[in-house]
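Heads up: the structure comes next, in structure tokens.
The values are calculated or read from the model by the stated rules, or taken from the named source; none is laboratory data. Everything numeric in this text was worked out from a predicted model, so none of it was measured. FYI the Cβ positions are ideal-geometry reconstructions off the backbone, even for glycines, and counts take in every protein chain you see. When the accessible area is computed, the model is the full protein with side chains, heavy atoms only, and any ligands, DNA or RNA have been set aside. Shrake-Rupley method; radii C 1.70, N 1.55, O 1.52, S 1.80 Å.
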Amino acid sequence: MDIPIEKKKFSKSNLLTMGGAAIGVVFILYAILSSTGNSKLNVQKERLSISTIKRGVFQENIPVNGVVLPITTIYLDALEGGRVEEKYVEDGAVMKQGEPILRLTNTDLELSLVNQETSVYNLLTQMQISQNAARQNTINKLNQFTDVKNSLIEAERLYKLNKKLYEKDAVGRQEFIKSENEYNYQKQRMQLAKQILQQDSVATRQEQEQIRSSYERTQNALELMRRKVADLIVKAPVDGQLTSLDAEIGQSKIKGERLGQIDVLNGFKVRVDIDEHYIARIYPGQRGTFTFNNNQYTLVIKKVYTQVTNGRFQVDMEFEGDVPEGIRRGQTLQIRVALSQEKEALLVPKGGFFQTTGGNWIFKLSEDGTQAYKVDISLGSQNTEFYEVTGGLQPGDKVVTSSYSNYEDIEELVINE
């Protein structure tokens, strides 16, 4: 016979266990859903920098530092080596062109000058002796020429006389032929005497020219040696201020060593260091601005030095218009160098957010200003005050531009007053 099976009923303890398990499952699901949703963070509004996106005039520029220098600097190098014997002025003195700065001594150079002067005097003496000898030789040849000329005149007279007498049979044939031969002989002597005089004149002129040329070369060498000795006294090449003088009495200086410099005081320029990243975008004629004594001034790039040292290159800038009153050599200026022309653009002020986001996203405020959400953006060029917004934002949008150092993993900011 079949035995009926009675259905078991859940006990109270079983029901409590099942209920607790269900609550646990619900809690776990809630935690999972919460973790996959937007993370929020409550922040005080006063701790945030909130800016408004707006359109405005934008010009790309970079901030650089420049040092004020004289517009022209003349370097003083030792043209000749020597020992510093005397200093006439001290560093910082205002000099006039030609005023002495210091005196060097060089006994070898001074001895060479004495030897050169002696050589010139010896050559001059030799030249005078040679000229006297040539003059005497010419006088002797002129005397000989006069004798030959006189003999020719006498032979010609006798020949013509005998010829007339011979034609009248007044003299014999032998007497006539003798006078004719003498006349022809004296003519040949005259031709030879003329050639000798001509050659002597040419030889004398060549010899004198050679002596004169040799004397002039020696004289030029002497003048050069005198200038070299005169260079031992270092003088100011132009009007200006003596700076960086590096010479003490008793100190030895080699030829070509830097002694100091003269700064011309008729103007200033600014030497600027720029990161090599911008070397292809810097060229003469570009402008930069700076503020001095609450006034804005403009500089123009005049020269670009393309040599890169430690990741930087240099440019020289000159003042456009008036030079600021009170500016001094060695003063540092903070300059904004323009890299583009002015244009209309959407602008976001610079802030600490860029260091965290790289300009790829930003916190944008809701319309009521109580929340801020992450939005993707794109930025273009920049200057010292703004970034150019090229996508993701519209005029009038409000964004958080302060640092995001504590908000990297936050999707939403809840802004409390």
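Surface exposure of the chain, expressed per residue as accessible area with a 1.4 Å probe, stands at 65 Å².
Rounding to the nearest 20 debye, state how big the charge dipole of the stretch 284-356 is about its Cα centre with +1 on each Lys and Arg Cβ and -1 on each Asp and Glu Cβ.
About 300 debye.
What separates the Cα centres of the stretch 190-248 and the stretch 332-376 is a distance of 75 Å. A Gaussian network model of the chain, with springs between Cα atoms under 10 Å, assigns the largest mean-square fluctuation among M95, M317, M127 to M127.
Computed about its Cα centre, the charge dipole of the stretch 253-395 is approximately 780 debye, with only Lys, Arg, Asp and Glu carrying charge at their Cβ.
Please say if the stretch 162-248 is rounded, prolate or oblate, where rounded means a/c under 1.5 for a ≥ b ≥ c the square roots of the C-alpha gyration tensor eigenvalues, and otherwise the choice is prolate for a/b larger than b/c and oblate otherwise? Prolate, since a/c reaches 1.5 and a/b exceeds b/c.
Estimated at 0.36 nm per residue, the fully extended path between Y278 and Q355 surpasses their Cα-Cα distance by 25.6 nm. For the residue pairs K96/K253; K255/K302; K87/K303; K302/K343; K303/K343; K40/K343, alpha carbon separations beyond 31 Å are given by K255/K302; K87/K303; K40/K343. The accessible surface of the chain, taken with every protein chain in place and a 1.4 Å probe, is 49 percent carbon and sulfur.
Between the residues N293, G311, Y404, the greatest Cα displacement towards the positive end of the dipole of the stretch 289-417, with unit charges on the Cβ of Lys, Arg, Asp and Glu, is found for G311.
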